[in-house]
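The values are calculated or read from the model by the stated rules, or taken from the named source; none is laboratory data. This is a predicted model, so every value here is computed, not measured. Neighbour counts are summed over all protein chains in view; Cβ atoms, including those assigned to glycine, are modelled from backbone coordinates with ideal geometry.
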Amino acid sequence: MAKRILAVIIGLAIAIGLIALMEKISGKIYPAPARMDFLNPESVKEMMKGMPVGAYLFILFGYIIGSFAGGFVATLIAGKESARSAIIVGAVIFFGGLMNLISLPDQPMWFNITSQLLYIPCAFIGYLFAKRI
C-alpha cells in the first residue's frame, strides 16, 4: 500500500513538473504582453483571448507528456500488475485541469474539452508502455 501511495506521489510530481516546464517554455516562445498584470482578472482574460493557437497546442503537448510520464513512472514504482496508480495520477491531474478551467474560464472551448479528455488516457498509455518494459 505504501509503495502505491509513493508511486502516485512521485508520478504526480513528475507530471506536474513536466507540465510546468512546458508551460514555462511556451511562455518563452509565446510571451505575454509587456505590460501584462497577472493579478488583474481583466488583463488575464484579454491575454487568454489573444493567445495564438500554437501556445495552446504547446501547452496541450505538455499535458500529454506530463500525464504519460506520470502514469509511466507510477507504474514502474507501484508494479505492472495494475493500472490503478497510473489512473489515479491521471485523475488527480484531470481535477487539477478542471480547477484550471474554472479559474481561467476564457480559454478556447476546443482547448478546454481536449485537455480534459487527455489526462487519464495519456496516464493509462504510460501504464501500457511501462508494462511492456
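Laid out as a table, the results:
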quantity	calculated
Pairs where the first residue, in the range 25-51, is in contact (Cβ under 8 Å) with a residue 24 or more places away in the chain and outside any loop (DSSP other than H, G, I, E, B) and the second is surrounded by 13 or more Cβ atoms within 10 Å (Cβ to Cβ) and small (Gly, Ala, Ser), C-beta under 9 Å, 6+ apart	Ile25/Gly62; Ser26/Ala55; Ser26/Gly62; Ile29/Ala55
Residues that are more than 23 Å from Glu42 (Cβ to Cβ) and surrounded by 18 or more Cβ atoms within 10 Å (Cβ to Cβ), drawn from the range 95-118	Gly97, Ser115, Leu118
Scan of the range 81-108 for residues that are among the hydrophobic types (A, V, I, L, M, F, W, C) and modelled with pLDDT of 95 or more, ordered by number	Ala83, Ala86, Ile87, Ile88, Val89, Ala91, Val92, Ile93, Phe94, Phe95, Leu98, Met99
